[in-house]
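Below: one structure, written as structure tokens.
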Amino acid sequence: MSFYHELSMYQREVARLQQLEITEARIRQAIDSGSYHPEDYWVLLSPEADDYLETMAWKARELTLQHFGKTVQLFTPLYLSNYCINRCIYCGYNAGHGITRRKLTFSEVEQEGRAIAATGLKHILILTGESPKHSPVDYIKRCVTILRPYFSSVSMEVYPLSVEDYRELIEAGIDGVTLFQEVYDEMVYGQLHLAGPKRDFRFRLEAPERVGKAGGRTIGIGALLGLHDWRVEAFLTGMHANYLQQNFPGAEVSVSLPRLCPEVGGFQPISPVSERQLVQILLALRIFLPRVGITISTRERQGFREHLIGLGVTKMSAGVSTAVGGHAVHSEDDPGQFQISDRRSVAEIYRVISELGYKPIFKDWHDVG
Amino acid sequence: MEDFLEIGGVRLRSRLLVGTGKFSDYRLIPKVVTASQTEVVTVALRRVDFDNPAENMLEYLPKEVIVMPNTSGARNAEEAVRIARIARAAGCGNWVKIEVISDQRYLLPDNFETLKATEILAKEGFVVLPYMSPDLMAAKRMVDAGAAAVMPLGSPIGTNRGLKTRELIEILISEVKLPVIIDAGIGRPSQAAEAMEMGAAAVLVNTAIATAEDPVMMAEAFGQAVSAGRKAFLAGPGAIQKYAVASSPLTGFLQEIS
């Protein structure tokens, strides 16, 4: 059964859970033995659980230490192209925005790759906007071929593809795929995505399972926090990750927790998520899925990001530019897809993580293809 | 009496094998090796950064230890075989710990794929140590496939829960004609000692040392526990009596009859 069908089942479940009486005993039970139990995950996300963040933090810390040790995996995004035919009202790449559009030439891709590799990073995430003309599968494939010798893992975050396309890109060297659903409520999704192929909710929702079918080694998902009721969105994201782990047991599933950031169009969050609430989501997710990868991006400010390391975060981006060509090819006029808060270099973030008593990991896969 | 563990033609004095994942700093690793007195260290090839000496775990290992690369991240036999070959070609020697995990929720090993990889790599001259679920038939097939030892899990990896699979491991120890090394789940030195008292040939520990407040001191504690447990096994502990030897025996009447 596709997650599209499971999603409507879980949405009905949310209606029931919203009536649930949440007592202190129920919360303590969920903290203690909540792994892989959806109802317990809901309890941990509840307003009532807010008073128990400290206890949740101890449990989350213990689980993270147990499964991931004192390590944090580092990676950086590489933006290939910002041409986009979608109109997503919260995104800086919105086709309606009069920003400078750019696409890296193949020699620029190599220049960017070389600059990133020189920082020591071995894992890279390539991104494009959706444009059949400027960033078709063949373009991405060629970029992967160019970047592969420089990195031990090349992942991508691009528009949703068919199983065949995913298979082709995996053969070319793509190690993992990240794709945010943005929002799991189909109606809200329709209101935020005004035009373009991205309007197809179901094709996007089922893309991570197509990656699984194509044999992808890592699958990343996420909801853009701030677009809709965050408790429900975080719950459904957890259900999606759980579904992927159960159906594709060999794949490493990761969840990103991106909070909506200011972008060039000036869109404001509909349901803002505070730092405290973001921590609650992180802790609840770690307890629900002890083995899931959790990524925190440079959207969050330095200082805050550091505090999250011991609590469940396993992957962090470093040395980030969200501008096309931002690593080596000059492009000061590009405002990027969104504003980032943590602009520190790889070396600086490396040092800070080490000082916290954690080992920053550059390489966590060996390309065996 | 000299007591050695022989694997792949090598005589090991220490019966503690140490894993290197999960440490907060690679500079701890040589200290852990010294404190634990281990002679075999396992390293995930996926983590070995050959391009960057400061990030290359191998650079931190004392020259005298045997490096046993592991195939962490392999989802099937084919990937495990490729990883093992890459490791050997990169100069990591010919020992390999096969780790094939196609379940990312509990990280339980896939005995079928592990067996396939063991067969292929043993033929290629590797000293193969398969990490496995403690299943007797699977273990016997690992032996036939050319494994140098078998490494059943004590409990799921990283859980520190000790010998939850005790009953099955006891059967393996009694039936398998190869060293049985308890890998995964050992969280306390007392559990390591318990495994050795049971007759395990060795134990492999990572999480319990790496995530301790003081990993070096914990490494030393594990080294001592393994050695104490081994000595206790060799010394032949007295049988544990379930019922006290009563002063008025229940079968005393038998003597009266005779």
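Coordinate-derived values only; no laboratory data. Small disclaimer: the values here were computed from a predicted structure and weren't measured. Because the Cβ atoms are built from the backbone with ideal geometry, glycine has one as well, and the counts that use them run over all protein chains shown.
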message: Take A:S8 and A:D367, extend 7 Å from each Cα along the Cα→Cβ direction, and tell me the distance between the two endpoints in nm.
response: 4.3
field: Antiparallel content of DSSP bridges confined to the protein assembly as shown, in %, to 5
entry: 10
message: Can you tell me the mean projection area, over all orientations, of the convex hull of chain B's alpha carbons? Units nm², please.
response: 17.3
statement: Bounding extents of region A:3-361 in its principal axis frame from Cα atoms, largest first in Å, are 60, 45, 39
query: How far, in degrees from 0 to 90, does helix B:189-198 lean away from the longest principal axis of the Cα atoms of chain B, to the nearest 10?
result: 60
Viscosity 1.306 mPa s, temperature 10 °C, Stokes-Einstein D of the protein assembly as shown from Kirkwood C-alpha radius, µm²/s: 61
query: If you find the alpha carbon centre of region A:289-314 and of region B:183-241, how far apart are they in angstrom?
result: 34
- prompt: Using 1/(1 + (r/R0)^6) with R0 = 51 angstrom and r between the beta carbons of A:D229 and A:L356, what's the FRET efficiency to the nearest 0.05?
  reply: 0.95
query: Mind checking which lysines have their C-alpha under 16 Å from A:K133, skipping anything on the same chain fewer than 8 residues away?
result: A:K103, A:K141, A:K198
statement: So, relative contact order of chain B in percent, Cα under 8 Å, 6 or more apart, is 17
field: Neighbour cut-off at most 16 other Cβ (10 Å), DSSP loop, GluC sites (Glu not before Pro), region B:72-137
entry: B:E124
- line: Longest principal axis of chain B (C-alpha) makes with the long axis of helix B:136-145 (C-alpha) an angle, in degrees to the nearest 10, of 50
- prompt: Relative to the Cα centre, what is the charge dipole magnitude of region A:226-307, using +1 at the beta carbon of each Lys and Arg, -1 at the beta carbon of each Asp and Glu, and rounding to the nearest 20 debye?
  reply: 160
- prompt: At what distance in nm do the modelled label points of A:D138 and A:S107 sit from each other, each positioned 7 Å from its Cα along Cα→Cβ?
  reply: 2.1
message: How tilted is helix A:53-68 with respect to the longest principal axis of chain A? Cα atoms for both, answer in degrees (0 to 90, nearest 10).
response: 50
- prompt: Using DSSP loop states and a limit of at most 13 other Cβ atoms within 10 Å to flag trypsin sites (Lys or Arg not before Pro), what is the longest stretch of chain A containing no flagged site?
  reply: A:134-300
query: Taking every DSSP beta bridge that has both residues in region B:5-257, what percent is antiparallel when rounded to the nearest 5?
result: 15
task: May I ask you to compute the full-extension gain from A:R61 to A:H307, defined as 0.36 nm times their residue separation minus their alpha-carbon distance, rounded to one decimal in nm?
output: 87.4 nm
- prompt: Cross-link partners among aspartates and glutamates for B:K177, C-alpha distance below 16 Å, same-chain residues fewer than 8 apart left out?
  reply: B:E6, B:D135, B:D144
task: Go ahead and set up a Gaussian network model of chain A, Cα springs under 10 Å, then flag whichever of A:G196, A:G310, A:G212 fluctuates most.
output: A:G196
- prompt: In the structure displayed, which of A:K363/B:K140; B:K31/B:K164; B:K63/B:K97; A:K122/A:K359 lie more than 25 Å apart, Cα to Cα?
  reply: A:K363/B:K140; B:K31/B:K164
